[in-house]
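Colleague: First the structure, which I've put down as structure tokens, then a few questions once you've had a look.
Just so you know, all these numbers are worked out from the coordinates, no wet-lab data involved. Remember, it's a predicted structure, so these values are computed and weren't measured experimentally. Because the Cβ atoms are built from the backbone with ideal geometry, glycine has one as well, and the counts that use them run over all protein chains shown.
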Amino acid sequence: MIVCTTIAEARDALRGVERPLGAVLTMGALHAGHLALIRRARAECKTVVATIYVNPTQFGDASDLDTYPRPMQDDLRVLRREGVDVLLVPSDAEIYPEGFSAWIEPGEIGERLEGEHRPGHFRGVCTVVLKLFNILSPDRSYFGQKDAQQVLVIRRMVDHLALPIDIVPVPTVRERDGLAMSSRNGNLTTQERRAARVLHRALTAARDLAAEGERNANTLRAAIHATLAEEPLVTIDYISIAHPQTLKELTTLSGPALASLAVRIGQTRLIDNITLLG
Ligand code: AMP
């Protein structure tokens, strides 16, 4: 694996590589969710490039950025083992040079859900993703359905800016008890980790109700709320039953819908989602 820290090194390493080139963009602290993306890229692409960059502009909360895990040696070992060809680990100065001002505005879809609760989040995400795409020029890039809104926002950016890149969504990888894998799970105490099981339980309760014929979105939101309320350690940020493409909140389900939620457990913020009637 060629490890690069600058744009120039990454361009050199990728010049003339066999195509298709698959990209997996991460913030490191790699877990089985990231591995699913990397393995899918490895299976479908001749060359795989990964990035590790904890992008400061997508964090609203300075302490979240400070406590974000950065186990670089473990990550390098994992990426080598998985047969990644090139890794870019850029510095902040490389991504945001002095006076940086070329921001990407994601528009309406980026202002809902996560965007509403983390203002500027998707502006930061879109800007770094476009920059990494410009550095790497991949044919395909793999994104986790765990961050369903991110997939929609990136797809729209790629479409509106006519980037010649396929965005490939990958299903959410979960722990045995249903908790979606996340780099932040490691920050939970034992008690908080136990409480976190309620996220998936709440979403599957809504999925089961919808499968049994419930079409009233408020009833589904209430079911999620009631399940989450069983856990005193959980504080709810939002509960959403939305159109799976536009993310507009629904009143009645007439087809597949995205049920998503964000909560805080202690100092840790967790998100998850599931497709209803999918
Ligand atoms: P992150 O390092 O959290 O920015 O995530 C990097 C990529 O991995 C994003 O496309 C995420 O959606 C994806 N990802 C994170 N957690 C999971 C998971 N549990 N299952 C599938 N993909 C995931």
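Colleague: When a/c is below 1.5 the answer is rounded, else prolate if a/b is larger than b/c, else oblate, so apply that to the chain with a ≥ b ≥ c taken from the square roots of the Cα gyration tensor eigenvalues.
Modeller: prolate
Colleague: Using only the Cα atoms of the stretch 91-166, build the gyration tensor, take square roots of its eigenvalues as a ≥ b ≥ c, and label the shape rounded, prolate or oblate: rounded if a/c is under 1.5, else prolate if a/b is larger than b/c, else oblate.
Modeller: oblate
Colleague: Can you say what percent of the DSSP beta bridges in the chain, counting only those with both residues inside, are antiparallel? Round to 5.
Modeller: Numbers: 20 of 40 bridges.
Approximately 50 percent, going by the DSSP bridge assignments.
Colleague: Tabulate in residue order the Karplus-calculated ³J(HN,Hα) for the stretch 224-232, using 6.51 cos²θ - 1.76 cosθ + 1.60 with θ = phi - 60°, rounded to whole Hz; enter x for Gly and Pro.
Modeller: Using θ = phi - 60°, the values come out as 5, 4, 4, 5, 4, 5, 5, 10, x Hz.
Colleague: Given the Cα-Cα distance of R70 and D12 and 0.36 nm per residue of separation, how much length would full extension add, in nm? Could the numbers behind the result be given before it?
Modeller: On the way: separation 58, 0.36 × 58 = 20.88 nm, distance 2.61 nm.
Here the answer is 18.3 nm.
Colleague: Farthest toward the dipole's positive end in the chain, which of S254, T172, L25, given Cβ charges of +1 (Lys, Arg) and -1 (Asp, Glu) about the Cα centre?
Modeller: T172
Colleague: Of R80, R140, R155, how do they rank once you tally other Cβ atoms within 10 Å and put the fewest first?
Modeller: Lowest to highest Cβ neighbour count: R80, R155, R140.
Colleague: Taking the stretch 183-273 as the region of interest, what is the percent of Cα-Cα pairs per 5 angstrom bin, listed from the shortest bin to the one with the maximum distance?
Modeller: Spelled out bin by bin, the stretch 183-273 gives 3, 15, 27, 23, 15, 11, 6, 2, 0 percent.
Colleague: Please give the FRET efficiency for E212 paired with D92, using the beta carbon to beta carbon distance and R0 = 45 Å, rounded to the nearest 0.05.
Modeller: So, using R0 = 45 Å, E works out to roughly 0.35.
Colleague: Could you grab the Rg to Rh ratio for the stretch 113-266? Cα atoms only, Kirkwood for Rh.
Modeller: Here the Rg-to-Rh quotient is 0.99.
Colleague: Also, I was wondering about something else. Taking amide H atoms as placed 1.01 Å from N in the peptide plane, list the residues 5 or more away in sequence, or in a different chain, whose amide H sits under 5 Å from that of D166.
Modeller: The list, which skips near neighbours in sequence, is R140, S141.
Colleague: Testing the spin-label approximation: label points 7 Å from Cα along Cα→Cβ at S254 and D177. State their distance in nm.
Modeller: Here the answer is 4.1 nm between the modelled labels.
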